[in-house]
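The values are calculated or read from the model by the stated rules, or taken from the named source; none is laboratory data. Quick caveat: nothing in here was measured; it's all calculated off a predicted structure. Positions of Cβ are backbone-derived with ideal geometry, glycine not excepted, and every protein chain shown enters the neighbour counts. In case anyone asks, the SASA skips ligands and DNA or RNA and just uses the protein heavy atoms, side chains included. Shrake-Rupley method; radii C 1.70, N 1.55, O 1.52, S 1.80 Å.
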Amino acid sequence: MTSQSPARAGLSARTSRIIGREEELWLLKECLLARGERHYLYFWAGGGLGKTRVLEELQHMVEEAGPGYYSSGILDLYHTDTHSSSDVERAIVEGLDPMGKYFCRYRQERARYELLRERGTDPSVLERLREALSTAFVEDCRQMALEARKLVICFDTVELLQYESSVVEQMAGLDMVDTRIRSWMLDKLARLANVLVVLVGRPKPHSPGETVDHQARLVNDMQRAFGDDLTVRELKALTLDEARDFIRMVTGDVQVIPDQDLSIVHHLTGGRPIFMHLIVDLIQVLAREPRQILDLFREHAGLLDSPQDDERLKVARQQVEVAILRGIFSERSEIGGYLGRLALMPKGVNDEILHRVLGMPLAEAQKLLTRLESLSFIKRYRAPAGAQRLHGERLFLHDEVYHLLTGEVMPHLRLNEREVANGLINNYYDRLIAEMGRQLSSQPTEERVKMRERLHKLEVERLYYSLVRNPAEGYAEYKRLSDEACRQRWVGQGMRLLDEFLRFYNDTERRNQFEAVGIDHEQVIRESGQLWVERFHWWGQYSKEVEFARRILDQPEAFAIRPQEDSAILGNVAALWARARAMLYGFEETVTEEILGVLRGLHSSEPAPTGLVLALLEKLPPLAECTPEQLLARARLCTSIGYEYRWSGDLVWATHYYGQASAALRKLGTHPDELAIVLNNLAFVYARQGRITEARILGDEALGINEEKGNDYSRGLTLSNLAHVERMAGNFAQAIKDAEEALGIFRTLEDPHGTVRSLLSIGYSKRRLAKDELVTSHTLPAIPRELEEAQAALAGAMEVALGGGLESEIPGLKAELGRVFRELGRGHTRLEGLAKGIESYRKAESLLREALEWPGWGIADQAEIVQDLAECLLLSGDARGAEEAMAEAEARIGAAHRIIPGQQVPEGTLPTQYFMPLGKVERQRGDIAFERGQYKNGIYHYFLAYLYFQRFSPVSVERDDTIGRLYAHMRRLGVEAQAELVGQVHAWTSELKDPRAQVGSFHKILKDLLGV
């Protein structure tokens, strides 16, 4: 570099008024003053033709129009602050209404949404709130429009909407998902009233082999959305006379370009103001030999009359553009050297960046920026109102300068940009991100929301430079950050990352850089497909997830997925598809069969059962040899199949697959949130089988993971699950404590589903406490207060479920409320006689029958409710009705599960959970027989009940409870009767032909308890 100082470089400033846009300005003014009408204007042109300047003139018009005219300001989609629909939405609100007079509902709902997202609530809750935000935005805009003369919304650099999409998005229609800016704009802006929306941009250049006309597609989309209210206008190049006026204004009437040269200068620059401005700067200041600049044009004087499509003219224009930019970025001048470095920092620069990356003293950096700000090809960016600022104000080069920056303009461009990117990452971004990460954890939730946004935007900017420095590392970083954004339900951050990646990757030269490091286009397509399934899943958009995942599973080749080589991708997609269906529809046998087929495909090179879409999945290596992707696929598949087995009633196989999932996730070591989910599920299944110790150990481990991650939502789920464990253990006091703690979390998170489940658990546990007192106490001074508390908890749950759209929870709440009224009937009967209890019994019967009408119950659940109904009928004095209900419970389970000593032994492959209601039926029959004095018949039914509970689980709580209840009956009998009945048990035991029965303990326990 020479010693020329930037301070002495007399570079020309921007023109004080716009030249040559009279028609466009007239159209803008006409639309602005048309009160009550809607207008959508799309101005498009090549680079450097003054598109942004048109928007700036519109801002002046709004200011001059006076009160009642409101503008959003210019929202430039180039910047990180406007990379998501959420960012754009907020920027419009704060731009139109900086004083906070309007958009009260929107602001309140947004603050609520951001707070709950930071706390980590249920994804379906966040999704409903996110959708409601856009509705509030439109409604508040329309309300403001009623009082305004005109609302004006301006977008710059809308060509980037053409870069938002990839093959995956286009093929699956995902580029119209409402989280994308393009689809948000086309949908939400079309609903506004009394608005002038102005969009400016350039057509996206075609990539080699590309057939899609992105500009035509964008215009067609706008026409469909905005209809007759849309006007599309191309900004033409300046005419020769307009170019003469422009140059005269730039130079202050100093003749820099002779009249005889002006025509060829105009022709070769295409009438683009930016290049004429740069030529003036070169001639006046930057070029050592100004005459050489004019000589370059004179060499092509023969092309003055050539048509625009003349190939020679295209070549000459490219040569001129390269020469001009070489002059601007010339290392021979100090300012040119700095401009060259700024050109390699497209995320903008401020004094701190110049100081830390280029080593400039802060004072010198500030002077340089002050000098550069007035240049025609420099833009100063200010974050839109409401956005969290990252670096204060920053300077950017004109987008056409970035666009034309090639190796011809800057020698060793790839080497230089990697060097600059490395400096930015190491000396600026890593330091800021690490510092902000440390501060984040110590901040209150409200402050974390603001700080989180700044951190996210820093990560997005760093991603760009990471992709520049090393595409392979950058791509891995993109996937890692996207996965984190998915799991934390940061929808806006996920879209910022996606847009940043696609804008980089959809450039032909950048895509070639990916290929050079071994990342081909097919890999990006298939991994993008899986990532969209992940997004929908973690965002709680289960319907979209099911639809899109099904497309991948049915046509994997359309997404460049190879069934043999890409089994991990298919396995992950299939597992999440099954999980989403479970969230939407509960247990489905067809899903179990399909996922089981997938899992068999992973374990064997043999095809899975006929008709399964994933029959050709290649065998995965042993657990110890699995890649991280394969481990995750195995874990998720096992989790999904464990769920299906659990709800189909086969707890043994559910335990097996949940255990496999746990092992895979422990080995993977990178997904503690999913490990906690598996541990909760496994704890539930263990507790259901009576393995309480194991259940508590796993539940406590899951709770520790949640607390370490600071995830309140997951902590609430684990506490709710621990309440289930304690309920199954009969420890109802602890169950209430765990459920109440979970309830506090879910209420804070405004999670209706968690709130309902917690209240249900509290109601259940209080009812059981009351029932124990009613059944075992010799004296009963009053109805146990726990029944009133249980009733209140369930009524509260019912109210929340109805208000939260959780209709599927209502049947379970009715069933439990029916059981509460049954116990109220028992209490009133004991205190005042059956006549007083009958009303409660009738209410209980009505609620249980209503609950039973729900089609979503599994068979075992149906039988359980029918059994509860039978007990209610028996207590109310309807013995015949009770017998009919017990027979109905057996019929719902089916004859295949029946145990008939000496005649029928159920198959070992039958779901174990079906044996539970059968055991309860037999136990109740035993109670009836003992009450009638039919002792042999009674102990026989208890013997069968023990067998059923044993088949359900050898360590089930119900099995042990059966012994206690039978002892209560037998202790009232004489010793001779006891001995006779125990001998009969011994005879029945010897007749059994079921090796799984293991009922010798039943006989031994009775002998030991009774001493006979």
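Which FRET efficiency value, to the nearest 0.05, is calculated for GLU419 and THR670 with the Förster distance at 30 angstrom and r the Cβ-Cβ distance?
For R0 = 30 Å, the calculated efficiency reads 0.40.
Once you place label points 7 Å from the Cα toward the Cβ at GLU234 and ARG972, how far apart are they in nm?
It is 9.9 nm.
Quick check: the angle from helix 491-505's long axis to the longest principal axis of the chain, C-alpha only, nearest 10 degrees?
50 degrees
Using 0.36 nm per residue of separation minus the Cα-Cα distance, give me the extension gain between ASP213 and GLU509 in nm, one decimal. Mind showing how you got there, number by number?
Values: separation 296, 0.36 × 296 = 106.56 nm, distance 1.91 nm.
Fully extending the segment from ASP213 to GLU509 adds 104.7 nm.
Could you tell me what percent of the DSSP beta bridges with both partners in the chain are antiparallel, to the nearest 5?
The answer is about 25 percent antiparallel.
For the residue pair VAL254 and ARG880, what label-to-label distance in nm results when each label sits 7 Å from Cα along the Cα-to-beta-carbon direction?
Label-label distance for VAL254 and ARG880, simple model: 11.4 nm.
Run the numbers for ARG332 and ALA979: contour at 0.36 nm per residue of separation, minus the present Cα-Cα distance, in nm.
So the chain would gain 221.7 nm between ARG332 and ALA979.
For every other residue with a beta carbon closer than 13 angstrom to the beta carbon of GLU234, add +1 if it is Lys or Arg and -1 if Asp or Glu, then tell me the sum.
Combined, the nearby Lys, Arg, Asp and Glu give +3.
Which whole-Hz couplings ³J(HN,Hα) result when phi for each residue of the range 628-641 is put into the Karplus expression 6.51 cos²θ - 1.76 cosθ + 1.60, θ = phi - 60°, listed in order with x for Gly and Pro?
3J(HN,Hα) across the range 628-641, in whole Hz: x, 5, 5, 4, 5, 4, 4, 4, 5, 4, 5, 5, 5, 5.
Could you give me the ³J(HN,Hα) list for the range 84-89, computed from phi with Karplus coefficients 6.51, -1.76, 1.60 and θ = phi - 60°, whole Hz, x at Gly and Pro?
9, 4, 5, 4, 5, 4
Quick check: from the Cα gyration tensor, does the range 22-234 come out rounded (a/c under 1.5), prolate or oblate?
Here the range 22-234 falls in the oblate category.
What are the residues whose amide H is under 5 Å from the amide H of ASP97, where those residues sit 5 or more places off or on another chain and H is modelled from the backbone?
Sorted by chain and number, the residues that satisfy this come to none at all.
With respect to the cross-link table entries LYS314/LYS367; LYS188/LYS457; LYS236/LYS457, which display a Cα-Cα separation exceeding 28 Å?
Pairs exceeding the cut-off: LYS314/LYS367; LYS236/LYS457.
So with the 1.4 Å probe, I'd like the accessible area per residue for the range 22-234, rounded to whole Å².
37 Å²
Nothing charged except the Cβ atoms of Lys and Arg (+1) and of Asp and Glu (-1): what's the magnitude of the dipole of the range 351-450 about its Cα centre? Round to the nearest 20 debye. Mind dumping the intermediate values first?
Numbers: 14 positive and 14 negative charges, 42 e Å.
Here the size comes out at about 200 debye.
For the range 902-1010, what does the accessible surface come to per residue with a 1.4 Å probe? Please give it in Å². Show your work: numbers first, answer last.
Values: 4920 Å² over 109 residues.
Value for the range 902-1010: 45 Å² per residue.
What is the distance in Å between the Cα centres of the range 822-840 and the range 668-729?
39 Å
When the dipole is taken about the Cα centre of the chain, and only Lys, Arg (+1) and Asp, Glu (-1) are charged at their Cβ, what size is it in debye, to the nearest 20?
Its charge dipole is roughly 1740 debye.
Can you list the lysines whose alpha carbon sits under 22 Å from that of LYS667, skipping same-chain ones fewer than 8 residues off?
LYS479, LYS619, LYS709
What accessible surface, in Å², does a 1.4 Å probe find on HIS403, ignoring ligands, DNA and RNA and rounding to the nearest 10?
90 Å²
Of the heavy-atom accessible surface of the chain (probe 1.4 angstrom), what whole percent is carbon and sulfur?
Roughly 49 percent, rounded to a whole number.
By the scheme Lys and Arg +1, Asp and Glu -1, what is the net charge of all other residues having a beta-carbon under 14 Å from that of GLU417? Mind showing how you got there, number by number?
Working: positive: ARG341, LYS347, ARG414, ARG418, ARG469, ARG510; negative: GLU419, ASP507, GLU509.
In short, +3.
I'd like to check one number: the per residue accessible area of the range 238-329, probe 1.4 Å, reported in Å² as a whole number. Walk me through the intermediate numbers first.
Working: 4370 Å² over 92 residues.
Spelled out: the 1.4 Å probe surface of the range 238-329, per residue, equals 48 Å².
Which value in nm describes the separation of the simple spin-label points at ARG932 and GLN904, placed 7 Å from the Cα toward the beta carbon?
The two pseudo-label positions are separated by 2.1 nm.
So how tilted is helix 123-147 from the main axis of the chain? Cα-based, degrees 0 to 90, rounded to 10.
50 degrees
Tilt of helix 214-226 relative to the longest C-alpha principal axis of the chain, in degrees (0 to 90, nearest 10)?
Taking the Cα atoms of the chain, the angle to 214-226 is about 70 degrees.
Using the Cα gyration tensor of the range 238-329, with a ≥ b ≥ c the square roots of its eigenvalues, what is the shape: rounded (a/c below 1.5), prolate (a/b larger than b/c) or oblate (neither)?
Taking the square roots of the gyration eigenvalues as a ≥ b ≥ c, the range 238-329 is oblate.
For LYS737, give me every one of the lysines with a C-alpha distance below 21 angstrom, ignoring sequence neighbours fewer than eight places off in its own chain.
LYS766, LYS771
So for the chain, taking the charge dipole from beta-carbon charges (+1 Lys/Arg, -1 Asp/Glu), which of GLY1000, TRP490, ALA45 sits furthest toward the positive end?
It is GLY1000.
For THR231, enumerate residues with amide H under 5 Å from its amide H, sequence gap 5+ or separate chain, H modeled in the peptide plane.
TYR40, LEU41, TYR42
Normalised by the residues of the range 902-1010, what does the relative contact order come to in percent, with Cα pairs under 8 Å and at least six apart?
Once divided by the residue count of the range 902-1010, the mean separation gives 28 percent.
Determine the dipole magnitude for the range 721-761: charges of +1 sit on the beta-carbon of Lys and Arg, -1 on that of Asp and Glu, nothing else is charged, the reference point is the Cα centre, and the result goes in debye to the nearest 20. The partial results should precede the final answer.
Details: 4 positive and 6 negative charges, 23 e Å.
Once rounded to the nearest 20, the dipole reads 120 debye.
How would THR627, THR157 rank on accessible area, largest to smallest, probe 1.4 Å?
Correct descending sequence by accessible area is THR627, THR157.
Classify the chain as rounded, prolate or oblate, taking a ≥ b ≥ c as the square roots of the eigenvalues of its Cα gyration tensor: rounded when a/c is under 1.5, otherwise prolate if a/b is larger than b/c and oblate if not.
Prolate is the answer for the chain, as a/c is 1.5 or above and a/b outweighs b/c.
Each residue of the range 338-349 in turn: what ³J(HN,Hα) in whole Hz from Karplus with 6.51, -1.76, 1.60 and θ = phi - 60°, glycine and Pro shown as x?
Values, residue by residue: 5, 4, x, 5, 4, 5, 8, 10, x, 8, x, 9 Hz.
Between the range 300-356 and the range 440-459, how far is it from one alpha carbon centroid to the other, in angstrom?
One Cα centre to the other: 39 Å.
Not counting the cut sites, what is the longest span of the chain without GluC sites (Glu not before Pro) that DSSP labels loop and that have at most 15 other Cβ atoms within 10 Å?
566-852
Less than 12 Å Cβ to Cβ from TYR402, Lys/Arg counted +1 and Asp/Glu -1: what total charge do the surrounding residues give?
Details: positive: LYS347, LYS379, ARG503; negative: ASP399, GLU400, GLU417, ASP507.
It works out to a net charge of -1.
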